[in-house]
Each structure stands twice: as C-alpha cells, then as structure tokens.
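Asks: Structure in structure tokens, see below.
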Amino acid sequence: MAATLGPTQGADSDLDPNIVEEETRGTDGEEENSQQTGAVTAPQSRLAKLPLSRIKALMKADPDVTLASQESVFIIAKATELFVEMIAKDALVYAQQGKRKTLQRKDLDNAIEAIDEFAFLEGTLD
C-alpha cells in the first residue's frame, strides 16, 4: 500500500506557500484552464529542494539500510529541509538581537542552548 502526500487543509500555515505538495503533470484539465484564462502559468517548484540522489546515498551509507524507497528518501529530504529552516529561523532571532543580518556560529549555539527541541545537538558543533 503506497502512502500519498496530499495538501493539508489549513493545518500547516508555517510551511512555505511556494512549495507544492502534490504535482500533477500532463493532465488535460490544467491545459484547458490555462488556455481559457489566457494566463501564463509559472513552472511548478520542485517538491524537494535537496538532491534526492545524495540523500539516498547518505541513507545507504548506513550498513543497516539495504533498500530505500523513493517515498522514504523524499520524506527524509523534506524533514531535513524543515529542520534546517526551523533552526535557521531560530538562529536568525539571535543574529537580529546582535543587529546583524548574517548568521554566525554563535547564533546557532545560542539557539541550540535556548530551545529544548535542539537539546540533542548540544556539543555537536564543537
């Protein structure tokens, strides 16, 4: 049984609205709609921003992993993107407190120390 990822219905307002959760390619309905309205449609953004082939290679580097399905690779890539976005936003708060626009290592250290969700990262940047 394959799991499908569909758009959430207003539950995740924190997600980037430019990320399309489900792509449908080559459907006649989309072509008809764009022709009727006369609007030029922008190309859809990729579902995952990280290279899936590298994520799969990293997953297979673990000796306990023999096979990695495309769905599992996508989920790991998406979770990684969301994690990086979350820690970067939290570190940005500390950079802005220091009246800077550039994130520095000390901003990441401050975010890791201050936020309980990042407790597992304590000491990893040393």
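Asks: Taking Thr102 as the residue in question, decide whether it is within 27 Å of Gly123 (Cβ to Cβ), hydroxyl-bearing (Ser, Thr, Tyr), surrounded by fewer than 15 Cβ atoms within 10 Å (Cβ to Cβ) and out of contact with any Ser or Thr (no Cβ under 8 Å at 6 or more places or on another chain).
Replies: For Thr102, the condition - within 27 Å of Gly123 (Cβ to Cβ), hydroxyl-bearing (Ser, Thr, Tyr), surrounded by fewer than 15 Cβ atoms within 10 Å (Cβ to Cβ) and out of contact with any Ser or Thr (no Cβ under 8 Å at 6 or more places or on another chain) - is met.
Asks: Then there's this: Pick from segment 80-99 the residues that are of a type in the set (A, V, I, L, M, F, W, C) and more than 19 Å from Thr124 (Cβ to Cβ): which of them is surrounded by the most Cβ atoms within 10 Å (Cβ to Cβ)?
Replies: Going through the qualifying residues, I end up with Ala95.
Asks: Here's another thing I want to ask about it. Outside any helix (DSSP H, G or I) and surrounded by 12 or more Cβ atoms within 10 Å (Cβ to Cβ): does that describe Ala77?
Replies: no
All of the numbers you see were taken from the coordinates with simple rules; none came from a lab. Nothing here was measured: the structure is a model prediction, and the numbers come from that model. For neighbour counting, all protein chains shown are included, and Cβ atoms are generated from backbone atoms with ideal geometry for every residue, glycine included.
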